[in-house]
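Worksheet: the structure to be examined is printed underneath.
The values are calculated or read from the model by the stated rules, or taken from the named source; none is laboratory data. Just so we're clear, the structure is a prediction, and the values are computed from it rather than from any experiment. Here the Cβ positions follow ideal geometry from the backbone for every residue, glycine too, while neighbour counts run over all protein chains shown.
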């Protein structure tokens with residue numbers, strides 16, 4: 001996947017449900033904590049993004065299989081796996097609520113530093129993030145989240161396309177992501193961020209609709 005494909009115009013948030021301020025405003029985690037919405041929302045560089053619809057069946061099946069694989073592998077180890085909804089705050093200037101303008105909810109994340117985990121979720125970059133594409137969220141995952149994950153230092157960013165039965169892994173090398181080939185059924189994936197972890201993609205994709 002060419003990085004140029006990720007450099008299109010930044011998505012503007014929907015303006016029909018903004019809870020405070022003006023459309024296109026620069027929101028922070030302090031604002032985020034005051035919102036009361038039924039749908040899941042994320043804050044990326046101060047802009048609001050909401051989930052277009054409930055995840056599809058294939059999305060949920062893949063999420064369950066991949067999370068279970070990480071969860072079982074990490075039993076008794078320091079690293080810990082979490083599944084959405086789970087807030088990940090990515091501070092730039094400081095850890096103060098009013099200074100954080102990116103709060104995302106990865107489908108799955110693995111955190112190896114216990115100091116990054118608190119009662120609100122994670123503060124700081126997870127070691128590994130998995131995002132599973134759904135209709136309506138591809139641009140957010142492939143462009144907006146790619147950028148903030150790279151900038152914040154997420155070591156591995158996995159993007160899974162359930163309908164195409166593919167996985168692409170972005171690995172952080174000298175502060176920039178290096179892209180894997182497209183991985184699919186028959187491939188055994190080995191993580192560089194989580195030493196010893198392997199995933200058989202045939203088991204992930206074989207029973208999808």
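Below are the figures for this structure:
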| read-out | value |
| --- | --- |
| From 159, 154, residue being crowded, with 21+ Cβ neighbours inside 10 Å, over 28 Å from residue 30 (Cβ atoms) and modelled with pLDDT of 95 or more | 159 |
| Count of segment 133-158 residues which are assigned to a loop (DSSP other than H, G, I, E, B), touching a strand residue (DSSP E or B) at 6+ places or on another chain (Cβ under 6 Å) and over 20 Å from residue 82 (Cβ atoms) | 0 |
| Breaking point among (1) free of Cβ contacts under 8 Å to residues at least 24 places away in the same chain; (2) closer than 29 Å to residue 207 by Cα; (3) not in a helix (DSSP H, G or I), for residue 35 | (2) |
| Evaluation of residue 107 against (1) over 11 Å from the mean Cα position of the chain (by Cα); (2) touching a residue at least 40 places away in the same chain (Cβ under 8 Å); (3) under 23 Å from residue 37 (Cβ atoms) (one fails), failing number | (1) |
| Considering residues of segment 3-46 that are modelled with pLDDT of 90 or more and either touching a helix residue (DSSP H, G or I) at 6+ places or on another chain (Cβ under 6 Å) or over 23 Å from residue 96 (Cα atoms) (or both) only, the residue surrounded by the fewest Cβ atoms within 10 Å (Cβ to Cβ) | 30 |
| Those strands (runs of 3 or more DSSP E) lying entirely in segment 47-132 with at least 2 residues surrounded by 13 or more Cβ atoms within 10 Å (Cβ to Cβ) and at pLDDT below 95 | 47-50 |
| Residue match in segment 169-182 (condition: without any contact (Cβ under 8 Å) to a residue 60 or more places away in the chain and surrounded by 21 or more Cβ atoms within 10 Å (Cβ to Cβ)) | yes |
